[in-house]
Each structure stands twice: as C-alpha cells, then as structure tokens.
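Written out below as structure tokens is the structure these notes cover.
The values are calculated or read from the model by the stated rules, or taken from the named source; none is laboratory data. The model shown is predicted, which means the values in this text are computed figures rather than measured ones. When we count neighbours, we look across all protein chains shown, and the Cβ atoms used for this are built from the backbone with ideal geometry, even at glycine. Heads up: the accessible areas ignore ligands, DNA and RNA and are worked out on the full protein's heavy atoms, side chains in. Shrake-Rupley method; radii C 1.70, N 1.55, O 1.52, S 1.80 Å.
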Amino acid sequence: MVTLKEIITAINERLIAIAPDVEIQSNDISEGYPTPSFFVELEDVRSAQYGVWGRERSIPVIIYYFPTERQHKQMELLDMQEKLEQGFIQPFEIMKGFTVFPLELNATTTDGVLQLSFDLYTLEYDLTETGEDITELHLNIEKRD
C-alpha cells in the first residue's frame, strides 16, 4: 500500500523538476520560511475500506508558493502558477506501477501567497497471500461421455 509520505515525496520530486531553484519547506510554516519556497499540505484525507482487500482514498493536496516578496510580485506569481498547472495537470507516478491523476486544479492567491489545490483519488489492493501454502492436493477426476 502507498503511504502518505510516499505521496508527499512524489509531489516534492515533481516540484523540484518544475522549479529546481525553489526550496521546499517541510517545517511548520508558522515558524517562518525563506522566500521563494514551497510548502505542501495534505488536508482532510478520507480513507475507506474497498472490498475485502482494498483501500479507497481521497487526498486533497494544497501547494503553497511563497514568492520572493509578497508585494508587487504579480508576474512572479502568474509565472509560477503556469508552471505548477503544467506540471500537475498530467498524471504522475508515486512509485513504480502506481500513477495518480490529479483532479481539477484550482489556483488562488491569498495575502500574496499562491495556493494550487487538487485532489488525488487512489484505489489500492493488498493481494499478498496470508494463508497457508498448499502441501497436498487431492483431485478426483471422472471421465464423462
């Protein structure tokens, strides 16, 4: 099963590819942050059992971009919004063989901070065998006309 840490790591790797010169913060942003920088937050993750071996998740993602300066940086924010939209509108891989498709990207600017939000929907199955191995198998085969 895919962990939330693996999802955050994949998002961060995508951010590094989009803007390699921008730092990614993992500390609480209320403690302060350098600019420019990103902060990624998973908000109100919902999980549910899906059948016997499955898990269904809805994962709201918010990417915050703190520009070089908060005032008079409209062009910087617009440029970064374009980069983020182009970078996250396409499906991306969380781990080998597990790709996610971001749903409906939304971008807003509040107090000079760009926020790009989207939802990830995952459906996972754990098909690892937990029973005992078969050591003997008896078959009774009859030929019918």
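Scanning segment 118-132 for residues that are within 30 Å of Ile62 (Cα to Cα) and open to solvent by 100 Å² or more (accessible area, probe 1.4 Å) yields a count of 2. The set of residues in segment 59-74 that are open to solvent by 20 Å² or more (accessible area, probe 1.4 Å) and touching a Pro at 6+ places or on another chain (Cβ under 8 Å) comprises Thr68, Lys73. Pairing each residue of segment 1-19 that is outside any helix (DSSP H, G or I) with any residue that is open to solvent by 70 Å² or more (accessible area, probe 1.4 Å) and among the basic types (Lys, Arg), provided the two are 6+ apart or on different chains, yields C-beta distances under 9 Å for Ala19/Lys83. Looking only at segment 46-75, residues that are without any contact (Cβ under 8 Å) to a residue 40 or more places away in the chain and within 12 Å of Thr109 (Cα to Cα) come to 2 in all. Just checking, does segment 31-45 include any residue being of a type in the set (D, E, K, R), part of a strand (DSSP E or B) and in contact (Cβ under 8 Å) with a residue 40 or more places away in the chain? No, the conditions are met nowhere in segment 31-45.
Specify which of the listed residues (Leu105, Leu77, Leu84) is surrounded by 12 or more Cβ atoms within 10 Å (Cβ to Cβ), in a strand (DSSP E or B) and in contact with a Leu (Cβ under 7 Å, 6 or more places away or on another chain).
On the way: Leu77 fails: in a strand (DSSP E or B); Leu84 fails: in a strand (DSSP E or B).
Just a single option satisfies the conditions, and that option is Leu105.
With the requirement that a residue be among the β-branched types (Val, Ile, Thr) and either crowded, with 17+ Cβ neighbours inside 10 Å or over 19 Å from Ile94 (Cα atoms) (or both), what does segment 19-58 give you? Matches in segment 19-58: Val22, Ile29, Thr35, Val40, Val52.
Okay, residues lined up against (1) open to solvent by 100 Å² or more (accessible area, probe 1.4 Å); (2) among the small types (Gly, Ala, Ser); (3) closer than 30 Å to Leu42 by Cα:
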residue: Glu93; (1), (2), (3): yes, no, yes
residue: Leu116; (1), (2), (3): no, no, yes
residue: Ile134; (1), (2), (3): yes, no, no
residue: Asp145; (1), (2), (3): yes, no, no
